[in-house]
Amino acid sequence: MDKDSKEWLQSKLREIKSFAKYVKPESVLDAALETGIETEKVIKLNQNENLFLSKDFLRSILNDVIDEVDLRLYSKEGEAELKNALGRYVGLPPDYVILGNGSDQIIDLIIRTFLGKDGIAISIKPTYSMYKWSANHLRVKYFEIPLKEDFSLDVKGILESAKGNKGICFICSPNNPTGNQFELEDVKAVIEGFPGLVLVDEAYVEFAKNSLVKLVKEYENLIVTRTFSKAFGLAGLRIGYALSNSETSTAIFEYAQLPYSLNCIGLKLALKVLEMVDIFKESIERLKEEREKLIKRLNSIKGVRAFKSDANFILFQVMKPYEKVFNELFSKGILVRKIGKVLNFEGCLRVTVGLPYMNDRLIEALVSISE
C-alpha cells in the first residue's frame, strides 16, 4: 500500500473509532467467570428477553423447520409467505409489510434511504440508543427532546425542534428504558405536525394496550417497526418487520432493502410462530401478570421506586448509589441494566420481568442490599 493510500485508510479508521460504540451488557459467562457462580445459576435480566417461553418449546419448532428447509436455495417464496402471514396478524395487506434482519436493520435502512446530509433525525430522551447510533454513523444530525417529568411526550418541543427541516422523528412506544406507552393523541399530534417521516418503534407493543399499525392507512408519513425478538422469544434469530403504506413499503422492500435479508430458517420459523400465535399470547399474559406483581414487590422495598411499565421490563430507582447496587446484584449472579439518571430521577436500573423464581432472587437480593 502506498503512502497516500495508507494515510487515507488510517484517517477513515480514526473517523470510525470516533463514533459512539454500542456497549453490550454483561453476559451470563461474564458473571460466571467473575463471580465463580455456575452459569445455570446466573439470572439474566438485562436484555428484555421473553423468558416465559420454554427453550425446549422453541427448539422443537426449530427442529421442525430444519427438517423442512433446503439450505441450498434462496427463499423468495418464504418472503411472500411471511408477508402474507404478518398481514393477517396485524390486519393489513401484505404489501404494507417490509421484512428485515431485525428491526434495528430496518431502522438503519430507513435512515440510509431517506436522510442525506441536509436531513435531520429527532427523537426523545431517554430512549433506545440505536436511533442515535445509526444517525451518527451515517453523519446525520441528531436532536434529542427530553420527555416530560411524567415520561410523556413533549409534543410541542418535538415539533419546534424540527423548525421546518425535513427528516425523521423516532418514537419508541412503549419506550425503552422508561417502559411506558405514549398517549395515542400525543403520537398522532407528532405524526400530523412533523415535517417528514415518523417512525414508531413498537418492539414491545405486544405487552402494551394498543398499537398504531392501523394508522399507516391514514398517515402516509408513518412507519411502524416491530420485531420477533421480544414477545416471540426469537432474539437470537434477528427477525424484524416494518409496516407502512403500500407505496412506501414497496419502494423500501423492492428498491432499498438488500435481497434475501432474512435467512430461510428465520423466515420459516417466523411463519410457524404466527401459525401458533395463541400459545405465545398465553406466555405474554403470564408475563404481564408477573410484571404487575414485580412492580408491587419492588415498591415494597425501602429505598426502591419502580415505575409503571407497558413493556416486559421495569425501570426502577434506588436511593443507594446505583452502581454499588448493580455490583452487589452482579456479585450474587443477578444481571440487570445500568441506566443512571433518567430526567430528574437519579440512580436508575432496568430489569427484565423474569420467571417467578428469578424475581424471587432479585427481590431477596435487593432487600438484603437495602438493609
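Considering L51, L153, which residue is in contact with a Phe, Trp or Tyr (Cβ under 8 Å, 6 or more places away or on another chain), hydrophobic (A, V, I, L, M, F, W, C), buried (at least 18 other Cβ atoms within 10 Å of the Cβ) and within 27 Å of K288 (Cα to Cα)? Going through L51, L153 in turn, the sole match is L153. Being modelled with pLDDT under 85, surrounded by fewer than 11 Cβ atoms within 10 Å (Cβ to Cβ) and under 30 Å from S173 (Cα atoms) is a description that applies to K24.
From I339, I284, I363, which residue is at pLDDT 95 or above, under 25 Å from P25 (Cα atoms) and in contact with a strand residue (DSSP E or B) (Cβ under 8 Å, 6 or more places away or on another chain)?
Sole residue among the options that is at pLDDT 95 or above, under 25 Å from P25 (Cα atoms) and in contact with a strand residue (DSSP E or B) (Cβ under 8 Å, 6 or more places away or on another chain): I339.
Residues of the stretch 33-42 that are part of a helix (DSSP H, G or I) and touching a residue at least 12 places away in the same chain (Cβ under 8 Å): E34, T35, K41.
A quick yes/no check of all residues on (1) touching a residue at least 24 places away in the same chain (Cβ under 8 Å); (2) in contact with a helix residue (DSSP H, G or I) (Cβ under 7 Å, 6 or more places away or on another chain); (3) under 30 Å from L355 (Cβ atoms):
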residue	(1), (2), (3)
E49	yes, yes, yes
S54	no, no, yes
L58	yes, no, yes
L62	yes, yes, yes
V65	yes, yes, yes
R72	no, no, no
G78	yes, yes, no
A85	yes, yes, yes
L92	yes, yes, no
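The C-beta contact set for the stretch 261-280 (first residue within 19 Å of D104 (Cβ to Cβ) and modelled with pLDDT under 90, second residue part of a loop (DSSP other than H, G, I, E, B) and of a type outside the set (F, W, Y), distance under 7 angstrom, 6+ apart or interchain) comprises S261/N101; L262/N101; L262/I239. Among the conditions (1) in contact with a Cys (Cβ under 7 Å, 6 or more places away or on another chain); (2) within 30 Å of L29 (Cα to Cα), the only one that V69 does not satisfy is (2).
Of all residues being surrounded by 21 or more Cβ atoms within 10 Å (Cβ to Cβ) and among the hydrophobic types (A, V, I, L, M, F, W, C) in the stretch 331-357, which is farthest from E40 (Cα to Cα)? Just the residue, please. My answer is C348.
Evaluate the following for G179: is it buried (at least 20 other Cβ atoms within 10 Å of the Cβ) and in a loop (DSSP other than H, G, I, E, B)? Yes: the conditions hold for G179.
The condition (being surrounded by fewer than 22 Cβ atoms within 10 Å (Cβ to Cβ) and farther than 28 Å from K156 by Cα) is satisfied by just one residue among G87, G102: G87.
The values are calculated or read from the model by the stated rules, or taken from the named source; none is laboratory data. Not measured: the values here are computed from a predicted model. Glycine gets a Cβ as well: all are built from the backbone with ideal geometry, and neighbour counts include every protein chain shown.
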